[in-house]
Amino acid sequence: MGHAQRQPTMTADEFLAWEATQQERHDFVGGEVFAMAGAERRHIMAAGNVYMALRQHLSGSPCSTFIADMKVSAADDSAYFYPDVLVTCSAADRKEPLITREPTLIVEVLSPSTAAYDLGEKFAHYRQIASLREIAFIDLDSRRTDVFRKGADALWVLHSFSRGADVRFASVDLTIPAATLFADVDEAA
């Protein structure tokens, strides 16, 4: 999802009230609103594959898996994003219908128009969320998945899974085979 257009500056409360009336999704960062563009077929397929594997694996657990339309709040409510896939195991999040504040795992599928934003500003905000244990970035062109895992020392460590490698999400004790992750995802043209 990319930045399509900027809207006027607003507070977080103003954003949440306004955004609830909109048909399109928007990210909110430091008072600025960014309309999110639609995703391409490969992006949707990969996100769906991850969602299905996580949803099936976590069925019956206290954890919930969401795809695309659940907002996640930055640690200080200064930013809101729509990750491609997220998992929360928080009892407090279960009571909140529109916003996840305590995610365990966030997955972003990179596209050429959003990779810099996802790996830059968005990633910086995600790392400030105390409950978050892993952040994964799936690169469709290289078929590489970079999983950043927070250690006991609160440092984020990169675990890179190259083309053909199964991807391990330690935060939810799941390994997704590469064939499952990239099922029906066409190679780059």
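The values are calculated or read from the model by the stated rules, or taken from the named source; none is laboratory data. All values reported here derive from a predicted model rather than from experimental measurement. Positions of Cβ are generated from backbone atoms using ideal geometry, with glycine treated the same way; all protein chains shown enter the neighbour counts. We work out accessible area using only protein heavy atoms, side chains counted, and drop any ligands, DNA or RNA first. Shrake-Rupley method; radii C 1.70, N 1.55, O 1.52, S 1.80 Å.
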Just name the residue that is nearest to S61 (Cα to Cα) out of those in region 158-188 that are open to solvent by less than 30 Å² (accessible area, probe 1.4 Å), touching a helix residue (DSSP H, G or I) at 6+ places or on another chain (Cβ under 9 Å) and not in a loop (DSSP other than H, G, I, E, B).
V172
Starting from residues that are free of Cβ contacts under 8 Å to residues at least 40 places away in the same chain, touching a strand residue (DSSP E or B) at 6+ places or on another chain (Cβ under 8 Å) and not small (G, A, S), keep the ones in region 53-70 and report whichever is nearest to H43 (Cα to Cα).
I67
Index of the failed condition, T100 passing every other in (1) within 16 Å of T65 (Cβ to Cβ); (2) within 11 Å of the chain's Cα centre (by Cα):
(2)
Assess whether P83 counts as being in a loop (DSSP other than H, G, I, E, B), open to solvent by less than 40 Å² (accessible area, probe 1.4 Å) and under 28 Å from A17 (Cβ atoms).
yes
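For region 59-71, does any single residue satisfy the condition of being at pLDDT below 90, surrounded by 12 or more Cβ atoms within 10 Å (Cβ to Cβ) and more than 21 Å from L105 (Cβ to Cβ)?
No, every residue in region 59-71 fails to be at pLDDT below 90, surrounded by 12 or more Cβ atoms within 10 Å (Cβ to Cβ) and more than 21 Å from L105 (Cβ to Cβ).
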Restricting to region 132-156, and then to whatever is touching a Lys or Arg at 6+ places or on another chain (Cβ under 7 Å) and open to solvent by 70 Å² or more (accessible area, probe 1.4 Å), can you tell me which residue is nearest to T180 (Cα to Cα)?
R144
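Here is a yes/no grid of residues against (1) touching a helix residue (DSSP H, G or I) at 6+ places or on another chain (Cβ under 7 Å); (2) surrounded by 15 or more Cβ atoms within 10 Å (Cβ to Cβ); (3) assigned to a strand (DSSP E or B):
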position	(1), (2), (3)
L54	yes, yes, no
V87	yes, yes, yes
G120	no, no, no
F123	no, yes, no
Select from region 95-118 the residues that are of a type in the set (A, V, I, L, M) and farther than 25 Å from A170 by Cβ and write down the one among them that is least open to solvent (accessible area, probe 1.4 Å).
I99
